[in-house]
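One structure is given below, encoded as structure tokens.
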Amino acid sequence: MPAKFLLDSTVLIDHLNGIAGATEWLSKLRPDEALISVITRAEVLVKASEKWEEVSALLDEYECLPIGPDEADMAAALRNRYPIKLPDAFQAALAKSQELVFVTRDTHDFKKIEDLKVQIPYRV
């Protein structure tokens, strides 16, 4: 079964910070159901500090999507159309281009984007 979710860094950071909703939701996923982006990998590792190896091992459980020219072009178009940060535009572009549901807790920026499927799996 192909992956159907693109995980935002907020979900993984919440899990690492012991937020029960994030941990519970992630525990229900099969390894092949979700992907991360290079953006998510970098954002989560920035928060890792002394837990680098543990966090890196967690991230290695998910296939990591690269960003190519097509996604870069789509991200630029999204950034020009919506008042969102460029990393968020890359996330949205990847989710849209791969036909994935973007899983995040941060709906403020993403709910505006047309044709982007967003799932909020828990509340904090």
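Would you mind finding the one in S49, S27 that is among the polar types (S, T, N, Q), over 15 Å from the mean Cα position of the chain (by Cα) and closer than 20 Å to F5 by Cβ? Walk me through it before giving the result.
Numbers: S49 fails: closer than 20 Å to F5 by Cβ.
None of the others qualify; the one that does is S27.
Report whether or not T23 is touching a residue at least 40 places away in the same chain (Cβ under 8 Å), hydroxyl-bearing (S, T, Y) and surrounded by 14 or more Cβ atoms within 10 Å (Cβ to Cβ). Full working, then the answer.
Values: touching a residue at least 40 places away in the same chain (Cβ under 8 Å): no; hydroxyl-bearing (S, T, Y): yes; surrounded by 14 or more Cβ atoms within 10 Å (Cβ to Cβ): yes.
The answer is no for T23.
Can you pull out every residue in the stretch 73-84 that is under 16 Å from the mean Cα position of the chain (by Cα) and not β-branched (V, I, T)? Walk me through how you get there before you give the answer.
First, pick out the residues of the stretch 73-84 that are under 16 Å from the mean Cα position of the chain (by Cα): 75, 84.
If the condition is that a residue be under 16 Å from the mean Cα position of the chain (by Cα) and not β-branched (V, I, T), then A75 is the only one that fits.
Which one is surrounded by the most Cβ atoms within 10 Å (Cβ to Cβ), of the residues in the stretch 1-20 that are in contact with a helix residue (DSSP H, G or I) (Cβ under 7 Å, 6 or more places away or on another chain) and of a type in the set (G, A, S)? Working first, answer last.
Keep residues of the stretch 1-20 that are in contact with a helix residue (DSSP H, G or I) (Cβ under 7 Å, 6 or more places away or on another chain), which gives 1, 3-9, 11-16.
With of a type in the set (G, A, S) added as a condition, the list becomes 3, 9.
Values: A3: 19, S9: 23.
The residue in question is S9.
Pairs please, first residue from the stretch 100-117 and surrounded by 12 or more Cβ atoms within 10 Å (Cβ to Cβ), second anywhere and of a type in the set (G, A, S) and part of a strand (DSSP E or B), Cβ atoms under 8 Å, 6+ apart in sequence or on different chains.
From residues that are surrounded by 12 or more Cβ atoms within 10 Å (Cβ to Cβ), the pairs are V103/A34.
If I go through the stretch 77-124 residue by residue, how many of them are of a type outside the set (A, V, I, L, M, F, W, C), in contact with a helix residue (DSSP H, G or I) (Cβ under 8 Å, 6 or more places away or on another chain) and within 19 Å of K4 (Cβ to Cβ)?
The total comes to 9.
So D88 fits all but one of (1) within 14 Å of the chain's Cα centre (by Cα); (2) within 20 Å of D115 (Cβ to Cβ); (3) exposed (fewer than 14 other Cβ atoms within 10 Å of the Cβ); (4) not basic (K, R); what number is the exception?
(3)
Before we move on, is L94 touching a Lys or Arg at 6+ places or on another chain (Cβ under 7 Å), touching a residue at least 12 places away in the same chain (Cβ under 8 Å) and of a type outside the set (S, T, N, Q)?
On the way: touching a Lys or Arg at 6+ places or on another chain (Cβ under 7 Å): no; touching a residue at least 12 places away in the same chain (Cβ under 8 Å): yes; of a type outside the set (S, T, N, Q): yes.
No, not satisfied.
Can you tell me which residue within the stretch 30-46, out of those that are surrounded by 20 or more Cβ atoms within 10 Å (Cβ to Cβ) and outside any helix (DSSP H, G or I), is farthest from the chain's Cα centre (by Cα)? Please lay out each step first, then the result.
To start, the set of residues in the stretch 30-46 that are surrounded by 20 or more Cβ atoms within 10 Å (Cβ to Cβ) comprises 34-37, 39-40, 44.
Okay, now just the ones that are also outside any helix (DSSP H, G or I), so 34-37.
Numbers: A34: 9, L35: 8, I36: 6, S37: 6 Å.
Within the stretch 30-46, the match that is farthest from the chain's Cα centre (by Cα) is A34.
Among the residues of the stretch 50-84, how many are surrounded by 13 or more Cβ atoms within 10 Å (Cβ to Cβ), over 17 Å from L26 (Cβ atoms) and among the hydrophobic types (A, V, I, L, M, F, W, C)?
Here is the first cut: in the stretch 50-84, the residues surrounded by 13 or more Cβ atoms within 10 Å (Cβ to Cβ) are 51, 55-56, 58-59, 62, 64-65, 67, 71-72, 74-76, 78-79, 82, 84.
Of the ones still in play, those that are also over 17 Å from L26 (Cβ atoms) are 65, 67, 71-72, 74-76, 78-79, 82, 84.
So of that shortlist, the ones also among the hydrophobic types (A, V, I, L, M, F, W, C) come out as 65, 67, 72, 74-76, 78, 84.
Going through the stretch 50-84 one residue at a time, the tally reaches 8.
With respect to S37, determine if the residue is on the phi > 0 side of the Ramachandran plot and among the hydroxyl-bearing types (S, T, Y).
Values: on the phi > 0 side of the Ramachandran plot: no; among the hydroxyl-bearing types (S, T, Y): yes.
So S37 fails the test.
Any read-out appearing in this document is the output of simple, stated calculations on the displayed coordinates, not a laboratory observation. Keep in mind the model is a prediction, meaning the values are calculated, not measured. Cβ coordinates were reconstructed from backbone atoms using ideal geometry, including for glycine residues, and neighbour counts include every protein chain displayed.
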